[in-house]
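Colleague: Have a look at this one before I ask anything.
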């Protein structure tokens with residue numbers, strides 16, 4: 001029953017992950033499954049005995065789980081934000097990247113929101129948030145904003161997926177029901193394209209303020225308290241910048257892995273890595289600017305409570321985390337990304353892995369030092385995570401990657417119809433656009449008439 | 001043979017309308033929830049301004065999302081019915 | 001409407017911690033055990049802080065300061081903690097989801113968490129106070145159950161609540177009578193008078209939490225013969 005459309009045969013390689021399943025897939029799923037199992041065992045222990053199986057205590061009552069929450073929600077700014085911005089700015093190089101970025105967003109939002117569930121002392125009472133929620137609490141702002149972002153990014157992933165689902169419906173023999181249902185009767189008529197393009201354009205515009213609001217309200221969880229080190233007016237923009245920063249790094253890592261495993265060298269070329277690498281460099285400098293402003297303000301003001309935490313990070317108990325964060329977020333990316341003419345892919349991947357780790361340390365660096373240094377002469381907290389927290393982190397990461405791998409198995413991770421559109425329509429559109437930038441051609445005056453006027 | 005295909009197609013259509021209904025119910029549920037939170041805050045006198053202020057932004061956002069997805073589903077399902 | 005408050009005279013506090021023990025007994029505060037205590041999970045609704053400096057060592061009994069503008073109630077997502085009309089910041093164990101946001105927000109670290117199931121209902125506990133399950137936050141409630149009992153008794157005897165009818169366990173137990181308790185809105189009460197003393201100060205007053213536990217700083221003779 002499978003019919004092959006000749007116009008998509010050129011991109012037959014993009015179907016390979018869906019059509020063929022090698023032993024590598026099963027091995028990957030197996031390894032990830034083990035990580036997820038470890039996480040499940042860790043969480044079961046915690047659910048059974050209580051949060052006491054973690055390293056949390058008084059005063060450090062938030063630790064790995066809240067760090068992971070902020071971190072994963074931050075990564076979610078990868079997809080939708082980058083994909084939306086690139087689409088709106090008509091950057092043609094976005095075509096092979098947008099889908100894999102959008103998938104990151106949707107999958108990681110589930111994992112991020114799940115971290116809060118894991119952190120609750122009474123997860124069985126989660127419905128209390130729905131029944132008795134108080135909008136004065138930043139946690140409710142989080143719930144609303146993340147719901148909006150999850151909904152919007154799911155739509156934003158699904159809408160451009162529809163034409164590809166129709167291709168799969170017509171081409172593949174298996175899972176016809178799934179593809180046929182989700183393709184919503186797409187036949188590629190001009191009218192359908194108009195409906196879809198208008199919807200995608202609307203979503204691209206809508207998703208950007210929603211994404212900005214998400215990490216802003218996540219930062220408000222900290223900045224709306226009066227704790228030193230947290231009560232900073234800069235937190236909203238700081239967290240959004242950090243989110244975009246870690247998000248771009250995550251896309252680059254995903255791109256490199258997908259390119260290597262599925263041999264997409266023809267589609268994900270060094271130029272794509274070079275452009276994203278340049279964006280990553282810009283975000284490095286921007287993140288450093290915010291960090292510098294934050295710490296200079298604290299240092300110059302010399303308030304005792306703020307300085308307690310300042311020194312705890314610079315030279316005190318947390319100096320390894322703080323300085324590792326700075327090296328990974330600033331030194332390594334700048335060293336790698338200033339010159340990308342050669343070895344673009346290798347350099348951007350090294351920088352990105354460094355940034356992903358560095359940004360996780362940054363979240364930890366915000367949460368734990370402040371809680372460890374209470375205002376009153378309370379016994380100082382020493383937070384050491386246990387196997388439960390490590391297991392939960394590994395399981396969360398494993399679950400995210402597993403969901404991603406399953407998506408790649410079922411749906412094309414590079415948007416086939418948009419690549420096609422780029423070949424057929426994109427070149428012409430770009431040329432016409434460039435023409436409108438150049439100065440207008442006016443007709444030169446004939447020499448006779450000019451002479452007549454002068455004499 | 002054609003009976004088989006039309007039975008398959010009918011199942012697909014039903015599932016498609018189901019997905020569309022799910023999206024509408026999901027977003028409708030969230031909007032209802034936000035309204036419920038406003039009502040609770042008002043009844044208890046617990047900073048109703050926070051609830052009203054947030055919902056002034058949140059509810060229109062969700063309604064726009066609902067509008068987008070309904071317009072796509074409606075436009076696609078109403079029109080191409082053969083597959 | 002009453003406004004319950006407390007005045008603690010630091011000149012009289014000897015750091016004996018009788019208030020801590022009385023509070024634990026009265027409110028079924030669990031003994032978490034040595035292992036948990038080593039991990040920093042002691043639950044101590046009334047906690048005596050030790051402030052050491054070159055000139056002196058100071059003992060600061062710190063219950064929940066029952067702020068009039070509490071940073072903790074603002075951030076609770078589920079109405080599990082709120083300030084009731086008489087000024088007591090209540091904690092509803094049945095509603096709490098254990099997110100610990102209030103713990104992160106309290107500048108006085110007055111909130112505690114049940115990291116494990118530290119105890120079950122057992123004989124010998126105070127029947128007026130509920131035994132907390134695991135995964136919820138708890139804190140000092142100015143022995144609110146004693147207020148309810150005192151009100152019931154007064155109503156039964158057909159009279160108004162008299163000063164001295166309702167006293168939390170810590171104030172009742174303190175051997176040097178360092179803790180005074182009463183209605184701050186009653187201008188004739190002892191606490192209202194002491195709160196206006198020139199020695200009176202509030203912990204971290206600049207934060208604007210408006211705590212209703214007021215301290216009287218030591219006089220010159222404190223700790224010296």
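The values are calculated or read from the model by the stated rules, or taken from the named source; none is laboratory data. Quick caveat, the model's predicted, so the values are computed rather than measured. Here the Cβ is made from the backbone with ideal geometry for all residues, glycine too, and neighbour counts use every protein chain on show.
Colleague: For residue A:104, are the conditions met, namely being assigned to a helix (DSSP H, G or I), surrounded by 24 or more Cβ atoms within 10 Å (Cβ to Cβ) and in contact (Cβ under 8 Å) with a residue 24 or more places away in the chain?
Modeller: Against the criterion (assigned to a helix (DSSP H, G or I), surrounded by 24 or more Cβ atoms within 10 Å (Cβ to Cβ) and in contact (Cβ under 8 Å) with a residue 24 or more places away in the chain), residue A:104 qualifies.
Colleague: Within the group A:377, A:439, which residue is surrounded by fewer than 22 Cβ atoms within 10 Å (Cβ to Cβ), in a loop (DSSP other than H, G, I, E, B) and touching a strand residue (DSSP E or B) at 6+ places or on another chain (Cβ under 6 Å)?
Modeller: So the residue among A:377, A:439 that is surrounded by fewer than 22 Cβ atoms within 10 Å (Cβ to Cβ), in a loop (DSSP other than H, G, I, E, B) and touching a strand residue (DSSP E or B) at 6+ places or on another chain (Cβ under 6 Å) is A:377.
Colleague: I'd like to check something: does the range C:48-66 contain any residue that is more than 28 Å from residue C:13 (Cα to Cα) and buried (at least 23 other Cβ atoms within 10 Å of the Cβ)?
Modeller: Looking for residues that are more than 28 Å from residue C:13 (Cα to Cα) and buried (at least 23 other Cβ atoms within 10 Å of the Cβ), one finds none in the range C:48-66, hence no.
Residues checked against (1) closer than 12 Å to residue C:138 by Cα; (2) within 7 Å of chain A (Cβ to nearest Cβ); (3) in contact with a helix residue (DSSP H, G or I) (Cβ under 8 Å, 6 or more places away or on another chain); (4) surrounded by 22 or more Cβ atoms within 10 Å (Cβ to Cβ):
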position: C:85; (1), (2), (3), (4): no, no, no, no
position: C:91; (1), (2), (3), (4): yes, no, no, yes
position: C:102; (1), (2), (3), (4): yes, no, yes, yes
position: C:113; (1), (2), (3), (4): yes, yes, yes, yes
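Colleague: Report whether or not residue A:210 is away from every other protein chain (no Cβ under 12 Å), part of a helix (DSSP H, G or I) and surrounded by 18 or more Cβ atoms within 10 Å (Cβ to Cβ).
Modeller: no
Colleague: Looking at (1) outside any helix (DSSP H, G or I); (2) surrounded by fewer than 22 Cβ atoms within 10 Å (Cβ to Cβ), which one does residue A:113 not meet, given that it meets all the others?
Modeller: (1)
Colleague: Now a separate question. Out of all the residues in the range C:201-217, which are assigned to a loop (DSSP other than H, G, I, E, B) and surrounded by fewer than 17 Cβ atoms within 10 Å (Cβ to Cβ)?
Modeller: C:204, C:208, C:210, C:217 - these are the residues of the range C:201-217 that are assigned to a loop (DSSP other than H, G, I, E, B) and surrounded by fewer than 17 Cβ atoms within 10 Å (Cβ to Cβ).
Colleague: Go through (1) outside any helix (DSSP H, G or I); (2) away from every other protein chain (no Cβ under 11 Å) and name the single condition residue A:230 misses.
Modeller: Among (1) outside any helix (DSSP H, G or I); (2) away from every other protein chain (no Cβ under 11 Å), residue A:230 violates only (2).
Colleague: Does residue C:188 satisfy the criteria of being on the phi > 0 side of the Ramachandran plot and loosely packed, with under 15 Cβ neighbours inside 10 Å?
Modeller: So residue C:188 fails the test.
Colleague: Still on this structure: Restrict the check to the range A:68-89 and report whether at least one residue is buried (at least 22 other Cβ atoms within 10 Å of the Cβ), at pLDDT 95 or above, in contact with a helix residue (DSSP H, G or I) (Cβ under 8 Å, 6 or more places away or on another chain) and within 12 Å of another protein chain (Cβ to nearest Cβ).
Modeller: So far as the range A:68-89 goes, yes, one or more of its residues are buried (at least 22 other Cβ atoms within 10 Å of the Cβ), at pLDDT 95 or above, in contact with a helix residue (DSSP H, G or I) (Cβ under 8 Å, 6 or more places away or on another chain) and within 12 Å of another protein chain (Cβ to nearest Cβ).
Colleague: Go over the candidates A:156, A:238, A:149 one by one and state the one that is in a helix (DSSP H, G or I), more than 8 Å from every other protein chain (Cβ to nearest Cβ), buried (at least 20 other Cβ atoms within 10 Å of the Cβ) and free of Cβ contacts under 8 Å to residues at least 60 places away in the same chain.
Modeller: Result: A:238 is the single residue among A:156, A:238, A:149 that is in a helix (DSSP H, G or I), more than 8 Å from every other protein chain (Cβ to nearest Cβ), buried (at least 20 other Cβ atoms within 10 Å of the Cβ) and free of Cβ contacts under 8 Å to residues at least 60 places away in the same chain.
Conditions tested, residue by residue: (1) closer than 23 Å to residue A:133 by Cβ; (2) in contact (Cβ under 8 Å) with a residue 24 or more places away in the chain; (3) within 11 Å of another protein chain (Cβ to nearest Cβ).
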residue: B:7; (1), (2), (3): no, no, no
residue: B:11; (1), (2), (3): no, no, yes
residue: B:17; (1), (2), (3): no, yes, yes
residue: B:20; (1), (2), (3): no, yes, yes
residue: B:30; (1), (2), (3): yes, yes, yes
residue: B:34; (1), (2), (3): yes, yes, yes
residue: B:38; (1), (2), (3): yes, no, yes
residue: B:48; (1), (2), (3): yes, no, yes
residue: B:51; (1), (2), (3): yes, no, yes
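Colleague: Which one is farthest from the chain's Cα centre (by Cα) among residues in the range A:133-146 that are under 17 Å from residue B:47 (Cα atoms) and more than 7 Å from chain B (Cβ to nearest Cβ)?
Modeller: Checked the range A:133-146; the qualifying residue farthest from the chain's Cα centre (by Cα) is A:137.
Colleague: Considering each residue of the range A:56-67, count those that are out of contact with any helix residue (DSSP H, G or I) (no Cβ under 6 Å at 6 or more places or on another chain) and at the interface with another protein chain (Cβ under 8 Å from one of its Cβ atoms), and give that number.
Modeller: Result for the range A:56-67: 3.
Colleague: Here's something else I'd like to know. Given the conditions (1) under 15 Å from the mean Cα position of the chain (by Cα); (2) farther than 26 Å from residue A:125 by Cβ; (3) buried (at least 19 other Cβ atoms within 10 Å of the Cβ), report the number of the one that residue C:137 does not fulfil.
Modeller: Unmet condition: (2).
Colleague: Do we find a residue being in a loop (DSSP other than H, G, I, E, B) and buried (at least 23 other Cβ atoms within 10 Å of the Cβ) anywhere in the range A:173-184?
Modeller: yes
Colleague: Do we find that residue A:413 is surrounded by 19 or more Cβ atoms within 10 Å (Cβ to Cβ), touching a helix residue (DSSP H, G or I) at 6+ places or on another chain (Cβ under 9 Å) and not in a helix (DSSP H, G or I) in this structure?
Modeller: yes
Colleague: Do you know which residues across the range A:214-224 are buried (at least 22 other Cβ atoms within 10 Å of the Cβ) and over 21 Å from residue A:81 (Cβ atoms)?
Modeller: Answer for the range A:214-224, where residues must be buried (at least 22 other Cβ atoms within 10 Å of the Cβ) and over 21 Å from residue A:81 (Cβ atoms): just A:222.
Colleague: Please determine whether any residue of the range C:152-167 is free of Cβ contacts under 8 Å to residues at least 12 places away in the same chain, more than 14 Å from chain A (Cβ to nearest Cβ) and under 21 Å from residue C:31 (Cα atoms).
Modeller: No, that holds for no residue.
Colleague: Working only within the range A:23-53, note down all residues that are at the interface with chain C (Cβ under 8 Å from one of its Cβ atoms) and surrounded by 20 or more Cβ atoms within 10 Å (Cβ to Cβ).
Modeller: Answer for the range A:23-53, where residues must be at the interface with chain C (Cβ under 8 Å from one of its Cβ atoms) and surrounded by 20 or more Cβ atoms within 10 Å (Cβ to Cβ): A:50, A:51, A:52.
Colleague: Every residue in the range B:58-81 that is more than 7 Å from chain A (Cβ to nearest Cβ), modelled with pLDDT under 95 and either touching a strand residue (DSSP E or B) at 6+ places or on another chain (Cβ under 7 Å) or over 19 Å from residue A:156 (Cβ atoms) (or both), please.
Modeller: The answer is B:78, and nothing else.
Colleague: Does residue A:125 qualify as being at negative phi, buried (at least 24 other Cβ atoms within 10 Å of the Cβ), more than 28 Å from the chain's Cα centre (by Cα) and facing chain C (nearest Cβ under 9 Å)?
Modeller: no
Colleague: Would a scan of the range A:293-310 turn up a residue that is assigned to a helix (DSSP H, G or I), touching a helix residue (DSSP H, G or I) at 6+ places or on another chain (Cβ under 6 Å) and under 24 Å from residue A:354 (Cβ atoms)?
Modeller: No: zero hits.
Colleague: Which of the following residues is surrounded by fewer than 20 Cβ atoms within 10 Å (Cβ to Cβ) and more than 21 Å from residue B:12 (Cα to Cα): A:189, A:233, A:144?
Modeller: Selected residue: A:233, the only one of A:189, A:233, A:144 that is surrounded by fewer than 20 Cβ atoms within 10 Å (Cβ to Cβ) and more than 21 Å from residue B:12 (Cα to Cα).
Colleague: I'd like to check something: does the range A:204-214 contain any residue that is within 30 Å of residue C:204 (Cβ to Cβ), over 17 Å from the mean Cα position of the chain (by Cα) and touching a residue at least 12 places away in the same chain (Cβ under 8 Å)?
Modeller: No, that holds for no residue.
Colleague: Please return the ranges of strands (runs of 3 or more DSSP E) entirely within the range C:1-83 where 1 or more residues are at the interface with chain A (Cβ under 10 Å from one of its Cβ atoms), touching a strand residue (DSSP E or B) at 6+ places or on another chain (Cβ under 6 Å) and under 18 Å from residue A:378 (Cα atoms).
Modeller: Answer list for the range C:1-83: C:47-52, C:57-62.
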